[in-house]
Protein chains: 2
Amino acid sequence: MMHIEELDTPALIVDLDIMDRNLARVAEYTARHGLRLRPHTKTHKIPALARRQLELGAIGVTVAKVGEAEVMLESGSPDLLVAYPVIGQRKLDRLMAVAERTQVTVSLDSEVTARELSQAARTAGTTIGVLAEIDVGLGRVGVETGPRLSNLASEISRLPNLCFQGVAFYPGHIKSAGHADTALQALSDKLDSAVSELEQQGFEVSVVSGGSTPALFRSHLVRRMNEIRPGTYIFNDRNTWLSGACELSDCAASILATVVSTAVKGQAIIDAGSKTFSSDRCSQEDAQGFGYFPDAPDAELAKMNEEHGFVNVAAVVKGWRVGDRARIIPNHICVAVNLHERIYGVRGEHVEEIWEVKARGKLQ
Amino acid sequence: MMHIEELDTPALIVDLDIMDRNLARVAEYTARHGLRLRPHTKTHKIPALARRQLELGAIGVTVAKVGEAEVMLESGSPDLLVAYPVIGQRKLDRLMAVAERTQVTVSLDSEVTARELSQAARTAGTTIGVLAEIDVGLGRVGVETGPRLSNLASEISRLPNLCFQGVAFYPGHIKSAGHADTALQALSDKLDSAVSELEQQGFEVSVVSGGSTPALFRSHLVRRMNEIRPGTYIFNDRNTWLSGACELSDCAASILATVVSTAVKGQAIIDAGSKTFSSDRCSQEDAQGFGYFPDAPDAELAKMNEEHGFVNVAAVVKGWRVGDRARIIPNHICVAVNLHERIYGVRGEHVEEIWEVKARGKLQ
């Protein structure tokens with residue numbers, strides 16, 4: 001078995017014990033509260049990890065792109081939710097090929113998208129599940145609740161080869177567990193009235209799909225929501241930790257890097273920059289830097305170029321020497337994984353698993 | 001031949017006429033001024049494009065990583081410069097395998113790195129060219145000129161199986177063509193005295209390798225510099241344009257995206273976010289946004305999530321509809337290319353070339 005020291009750097013490593021614990025915790029939480037779990041695979045992009053999530057009780061998996069859906073067929077998921085409007089004939093043709101092999105559901109927010117999806121499904125002789133996407137405060141995609149939602153639900157229900165299943169939303173504006181309760185109460189009320197209104201109009205709303213990582217373990221407080229689609233929870237990251245949604249000890253993924261230069265006083269350069277971490281800043285506005293050194297908390301990843309991480313080591317007692325290795329928890333693990341060809345599952349000092357990031361780069 | 005409308009989005013497209021012009025302009029400029037051109041391939045990561053650069057007179061190509069060097073062997077380059085210290089036995093072994101197939105040069109800034117490289121070259125029975133990396137003001141890697149440079153040059157010259165060839169530097173702190181002249185004069189003076197000092201000490205300094213994109217066409221003003229390693233010039237980007245180093249019409253690469261939602265008033269969502277562009281902000285501090293819409297200059301790519309670009313269209317007269325397509329010039333093309341599996345070379349409305357981004361993800 002390969003020792004971790006044998007890995008060339010930079011490498012994205014995952015502590016398997018922590019990952020397993022993260023997976024089990026959310027599986028247990030959702031089971032306990034009767035919530036359907038449809039994990040978003042954009043975080044790991046690895047069919048083998050989707051399979052683990054399914055084995056632990058996930059009812060299906062979520063993807064953002066048709067290209068990801070094609071790759072995730074390999075997970076054997078009984079259902080693929082494309083949580084993104086699918087636009088354009090070529091993509092629709094590819095989606096229909098996926099739908100020949102497993103149940104496909106799409107969330108969308110416009111009548112034109114619904115009509116084109118219906119047309120494609122009709123041509124292919126298949127039926128696609130549809131969730132009406134609603135905006136619950138993020139202001140990204142999704143119709144307003146009320147008349148616009150009713151119109152969209154009507155259109156979806158009327159169109160052939162589509163099966164209206166309910167609503168989807170993404171509460172990405174709820175960024176911190178700390179102030180989540182008020183925001184979740186408002187969300188709960190909003191959903192309650194929106195779903196009740198649809199039901200009064202005769203729509204059957206079997207799925208109310210949402211869930212945000214920062215408020216994951218408060219999902220049961222949102223009354224009508226019966227499904228969550230968290231992604232990050234499998235690994236967690238600095239953002240998740242600083243948002244209060246997990247402990248530092250729940251962060252399973254880190255970048256293993258090597259010090260390549262100490263020529264500038266008070267600074268160490270590591271071989272990991274924006275092409276290794278991405279340049280995502282921390283989502284907590286008062287937090288600086290591009291990652292956290294669990295073994296050297298006083299070191300700061302202050303700046304990055306493509307292949308250079310600038311580590312401010314002025315506050316660190318121990319000297320950093322060329323050839324030393326360091327571990328850094330990234331701000332945002334989803335965009336970091338997407339930069340790597342493979343990730344390494346480690347237990348203690350040993351590399352137990354090597355996974356190819358198969359859905360990396362499947363942008364279309 | 002495929003029409004551009006047939007491409008699934010998001011897609012990274014390159015206008016071949018503009019790219020050819022960019023390549024020819026720099027080839028002509030360097031030839032006219034007797035400058036060696038060793039283009040950095042981190043921008044395109046495509047051996048076929050490196051080959052074009054070599055056909056136009058480049059004396060070799062530059063890479064940042066051993067993994068990129070392995071891929072760039074395919075370009076047939078007579079010389080590969082790894083402009084990055086190579087640390088660790090496995091990487092050194094791989095580098096020696098590359099050196100069996102072409103001449104390899106490495107830039108480095110520490111004695112320990114030089115010693116390990118020498119040892120690996122000796123074991124492999126090969127000779128590696130070495131450039132001593134100096135810091136000319138960026139404060140990233142590189143020793144100070146003066147005694148530290150002399151010591152490093154001595155060590156490189158003394159060590160077996162290394163061939164001291166001169167100095168390398170990266171003037172990344174010169175960010176704008178506008179204030180470049182003063183900075184270039186200071187750089188010129190600094191290099192002059194550093195190189196003269198080395199020569200007086202008996203070192204033969206045959207290579208003085210530098211060059212930054214913003215000041216590319218002023219390279220001839222830096223007296224002792226005889227080689228440049230620009231990368232971005234093949235495509236250019238919003239940063240290059242706003243720095244004054246090229247015109248908007250010299251930007252060859254753009255992201256083709258589709259409007260997927262207009263549910264929120266005054267806003268269009270495109271299917272291209274931080275997993276398509278990277279989240280690099282503009283290097284010109286007064287410039288906002290994550291890209292430029294050449295066909296809709298009033299639209300602003302104000303914010304991004306992973307797969308969503310938030311376009312502020314409040315100032316745009318023409319409405320944006322779901323299914324419409326838009327072209328966006330990214331802030332920083334090097335990190336954008338690195339997110340794509342392939343890029344498309346277009347002439348007018350037709351896709352003439354499809355290149356796999358072969359060195360993408362070769363982080364080690």
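The values are calculated or read from the model by the stated rules, or taken from the named source; none is laboratory data. From a predicted model like this one, the values you see are computed outputs, not experimental measurements. Quick reminder, even Gly has a Cβ in these numbers, built from the backbone with ideal geometry, and neighbours come from all protein chains shown. Calculation scope for accessible area: heavy atoms of the full protein, side chains included, ligands and nucleic acids excluded. Shrake-Rupley method; radii C 1.70, N 1.55, O 1.52, S 1.80 Å.
Going through (1) crowded, with 17+ Cβ neighbours inside 10 Å; (2) within 23 Å of the chain's Cα centre (by Cα) one by one, A:H220 falls short only on (1).
A:L191: part of a strand (DSSP E or B) and either closer than 26 Å to A:V82 by Cα or hydrophobic (A, V, I, L, M, F, W, C) (or both), yes or no? When the stated conditions are applied, A:L191 does not pass them. Within the stretch B:136-153, the set of residues being open to solvent by 30 Å² or more (accessible area, probe 1.4 Å) and touching a residue at least 40 places away in the same chain (Cβ under 8 Å) comprises B:G137, B:T145, B:N151.
Taking the stated definitions as given, is B:E356 more than 9 Å from chain A (Cβ to nearest Cβ) and over 18 Å from the mean Cα position of the chain (by Cα)? Quick ask: steps written out before the conclusion?
Details: more than 9 Å from chain A (Cβ to nearest Cβ): yes; over 18 Å from the mean Cα position of the chain (by Cα): no.
No; evaluated as a whole, the condition is false for this residue.
Taking the conditions exactly as written (within 20 Å of A:L7 (Cβ to Cβ) and within 11 Å of chain A (Cβ to nearest Cβ)), does B:L108 satisfy them or not? So B:L108 fails the test.
Here A:L301 meets the list (1) outside any loop (DSSP other than H, G, I, E, B); (2) out of contact with any Gly (no Cβ under 7 Å at 6 or more places or on another chain) almost entirely, failing just condition (2). The condition of being among the small types (G, A, S) and over 30 Å from B:P10 (Cα atoms) holds for only one of A:A69, A:A27, that being A:A27.
For the stretch B:84-108, name all the residues that are aliphatic (A, V, I, L, M) and in a helix (DSSP H, G or I). Even if it seems obvious, please write down each step before you answer.
Step one: of the stretch B:84-108, the residues aliphatic (A, V, I, L, M) are B:86-87, B:92, B:95-99, B:104, B:106, B:108.
Residues satisfying the conditions are B:L92, B:L95, B:M96, B:A97, B:V98, B:A99.
A single member of B:E227, B:E247 is surrounded by fewer than 19 Cβ atoms within 10 Å (Cβ to Cβ) and of a type in the set (D, E), and it is B:E247. If you go through the stretch B:348-362 and keep only what is surrounded by fewer than 24 Cβ atoms within 10 Å (Cβ to Cβ) and of a type in the set (A, V, I, L, M), you end up with B:V351, B:I354, B:V357. The conditions of being more than 22 Å from B:T276 (Cα to Cα) and without any contact (Cβ under 8 Å) to a residue 24 or more places away in the chain are met by B:D20. Quick check on the stretch A:304-347: of everything there that is more than 10 Å from chain B (Cβ to nearest Cβ) and of a type in the set (K, R), which residue is surrounded by the most Cβ atoms within 10 Å (Cβ to Cβ)? Of everything passing the filter in the stretch A:304-347, A:R327 is surrounded by the most Cβ atoms within 10 Å (Cβ to Cβ). Of all residues in the stretch A:327-346, none are small (G, A, S), farther than 30 Å from A:A69 by Cα and at pLDDT 95 or above. Could you list, in sequence order, the residues of the stretch B:85-135 that are without any contact (Cβ under 8 Å) to a residue 40 or more places away in the chain and open to solvent by 60 Å² or more (accessible area, probe 1.4 Å)? Matches in the stretch B:85-135: B:Q89, B:R90, B:D93, B:E100, B:R101, B:E116, B:Q119, B:R122, B:T123, B:G125, B:T127.
Which residue is nearest to B:L363 (Cα to Cα), if the candidates are limited to the stretch A:258-304 and must be in contact with an Asp or Glu (Cβ under 6 Å, 6 or more places away or on another chain) and not aliphatic (A, V, I, L, M)? I'd like the intermediate steps shown before the answer.
Kept after step one, since they are in contact with an Asp or Glu (Cβ under 6 Å, 6 or more places away or on another chain), are these residues of the stretch A:258-304: A:258-261, A:263, A:273-275, A:279, A:289.
Checking the rest, the ones that are also not aliphatic (A, V, I, L, M) come to A:258, A:261, A:273-275, A:279, A:289.
Working: A:T258: 12, A:S261: 17, A:G273: 10, A:S274: 11, A:K275: 8, A:S279: 16, A:G289: 21 Å.
Ranking the qualifying residues of the stretch A:258-304, first place goes to A:K275.
Of all the residues in the stretch B:174-221, those that are within 19 Å of B:D237 (Cβ to Cβ) and not basic (K, R) number 12.
Under the condition of being among the acidic types (D, E) and over 30 Å from A:A120 (Cβ atoms), the residues counted in the stretch A:162-200 number 3.
Taking the stretch B:7-83 and the helices (runs of 4 or more DSSP H) fully enclosed by it, the elements with 2 or more residues that are away from every other protein chain (no Cβ under 14 Å), within 22 Å of B:A253 (Cα to Cα) and open to solvent by less than 30 Å² (accessible area, probe 1.4 Å) are at B:16-32, B:47-55.
Taking the conditions exactly as written (acidic (D, E) and part of a loop (DSSP other than H, G, I, E, B)), does B:E307 satisfy them or not?
Working: acidic (D, E): yes; part of a loop (DSSP other than H, G, I, E, B): yes.
Yes, satisfied.
Screening A:A272 against (1) among the aliphatic types (A, V, I, L, M); (2) open to solvent by 10 Å² or more (accessible area, probe 1.4 Å); (3) within 27 Å of B:K303 (Cβ to Cβ) leaves a single unmet condition, (2).
Here the strands (runs of 3 or more DSSP E) wholly within the stretch A:200-295 that include at least 3 residues being more than 14 Å from chain B (Cβ to nearest Cβ) and touching a residue at least 24 places away in the same chain (Cβ under 8 Å) are A:207-210. Could you go through the stretch A:164-179 and let me know if any residue there is open to solvent by less than 10 Å² (accessible area, probe 1.4 Å), closer than 24 Å to B:V264 by Cβ, among the β-branched types (V, I, T) and over 20 Å from the mean Cα position of the chain (by Cα). The answer is no, given that none of the residues of the stretch A:164-179 is open to solvent by less than 10 Å² (accessible area, probe 1.4 Å), closer than 24 Å to B:V264 by Cβ, among the β-branched types (V, I, T) and over 20 Å from the mean Cα position of the chain (by Cα). With respect to the numbered conditions (1) modelled with pLDDT of 95 or more; (2) open to solvent by 30 Å² or more (accessible area, probe 1.4 Å), which one is the sole condition not fulfilled by A:G266? If we test A:G266 against (1) modelled with pLDDT of 95 or more; (2) open to solvent by 30 Å² or more (accessible area, probe 1.4 Å), just (1) comes out false.
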